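Readers should treat all values here as calculations from the given coordinates under stated rules, not as data from a laboratory. Everything quoted here is computed from the prediction, not taken from an experiment. Cβ placement follows ideal geometry from the backbone for every residue including glycine, while neighbour counts extend to all protein chains displayed.
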Amino acid sequence: MDIDDILREVDPTFDSIPQDTRDLQALTRAWMAERSSPELLDWPADGFFERINERIKQQIEKVEEMTGDMDPKTNFALIVIQTELERYKYLVRSYLRARIAKIDKHTLHYLSRPELRARLSPSELAYATRHQALLHNHYLSSFLSSFPPPLQNLNDTAGNISMIDTPDLDTAVFIRLLKDTLVEGRGTDADGQMDGKNGDVVILRWSDAKKLVDSGFAEIV
């Protein structure tokens, strides 16, 4: 179940909202979630970004068509369209930058297992693979080549200690509950739980909040 299914249950009028508006709302939610979560979230499916890119392309074409028209009404409409266009572009750029920053910081981690690689888009996967190859070649030419071959790996797990840097899943995040549910959290001194109500905003470790977000009981804010 994805966030649209949850919103459809909460708001019966959700299906009457135009697709463009729903896509903008979904983009905003994805942007907020990606910026707040300590680890890379799944790449949106169902052609979501293809629709966003097509919407931006259509708006750019419309702006080009309307540019130069001296009619005051047209000029006002042009300002509105340009404002919406810039909002789309800002959200897309900020969303992608947040994801790239996480990939740059933990490249080996996201390339280490199939379920983690599945979170990346095809372009992100190609970027991460090339980025890691360039980084490894740079290290080899700088200093790794002087080490014995067994010590040249960047993903060594000798002594049950991994060299792969991973995201801190105990980072605190704010979530908004989308359904009444039991909220459980781990604390420094003691663990706790509460009966959460729809609309409640809760702060939890991401490791505790993740299962609520993945199951559709909450969204990151």
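Listed values, structure above:
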{"read-out": "Gained length - Arg93 relative to Thr166, 0.36 nm times residue gap less alpha-carbon distance", "value": "23.8 nm"}
{"read-out": "Full-extension gain in nm, Glu86 to Ser145, via 0.36 nm per residue minus C-alpha separation", "value": "16.5 nm"}
{"read-out": "Exposed-site-free run, longest, the chain (rule: trypsin sites (Lys or Arg not before Pro); DSSP loop; at most 15 other C-beta within 10 Å)", "value": "1-185"}
{"read-out": "Separation in nanometres of the label points that stand 7 Å from Cα toward Cβ, at Asp189 and Arg176", "value": "3.2 nm"}
{"read-out": "Degrees separating the helix 19-36 axis from the principal Cα axis of the chain, which is the longest one", "value": "30 degrees"}
{"read-out": "Per residue Cα convex hull volume in Å³ - calculated over the chain", "value": "173 Å³"}
{"read-out": "Contour excess over end-to-end distance, with Cα ends at Asp42 and Asp20 and 0.36 nm allotted per residue", "value": "5.8 nm"}
{"read-out": "Helix 122-142 axis, angle to the chain major axis (alpha carbon atoms, nearest 10°)", "value": "40 degrees"}
{"read-out": "Förster radius 25 Å - calculated FRET efficiency between Thr28 and Ser121, Cβ distance, rounded to 0.05", "value": "0.85"}
{"read-out": "Test item: Cα-centred dipole of the chain, Lys/Arg +1 and Asp/Glu -1 on Cβ, debye", "value": "660 debye"}
